[in-house]
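Comments concern the structure below.
Read the figures in this text as sums done on the coordinates, not as results from a lab. Please read these numbers as outputs of a predicted model, since none were measured by experiment. Cβ placement follows ideal geometry from the backbone for every residue including glycine, while neighbour counts extend to all protein chains displayed.
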Amino acid sequence: MKGALRRYQVLAYLVGIGLLVLTLVGVPLQYAAGHPGVVAVVGPIHGFLYIVYLATAYDLARRARFGFWRMAAMVCAGFLPFLAFVVEHRIASQLQQAPELAGD
């Protein structure tokens, strides 16, 4: 399960950073300055990484036997800026305290 957690953490950070760049840099540049270049580049990359993130989140949720609400939080983390970092931290903290992860 350590490998699944590490993959999830990496993808959560990548998706979170991509979403922050998209919403805090790309969208203001597109609408305020008329430069859509950042959105044109970062948007598809974020979309692709979000799909990969969903696969890794599903894999981790299946292995850890997460319930619906925890899985829903993981899915929604890719939609709201900063939420990916918060959810990733909570999931990692909970799993690192679990005794079955220490033996893996």
* Among the trypsin sites (Lys or Arg not before Pro) within segment 1-76, which fall in a DSSP loop and have no more than 16 other Cβ atoms within 10 Å of their own Cβ? -> Arg65
* Structure fact -> Dividing the helical contributions, -39500 (n - 2.57) per DSSP H run of n ≥ 4, by the residues of the chain yields a 222 nm value, nearest 500 deg cm²/dmol, of -25000 deg cm²/dmol
* Structure fact -> In nm, the gap between the two label points placed 7 Å beyond Cα toward Cβ at Ala32 and Gln94 is 3.7
* To do: Please give the contour-minus-distance gain from Tyr58 to Val75: 0.36 nm per residue of separation, less the Cα-Cα distance, rounded to one decimal in nm.
  => 5.2 nm
* To do: Rank by packing, highest mean first: peptides 83-89, 22-28, with packing defined as the count of other Cβ atoms within 10 Å averaged across residues.
  => 83-89, 22-28
* Asked: What translational D, rounded to a whole number of µm²/s, comes out for the chain from Stokes-Einstein when the hydrodynamic radius is the Kirkwood one over Cα pairs, at 4 °C and 1.567 mPa s?
  -> 90
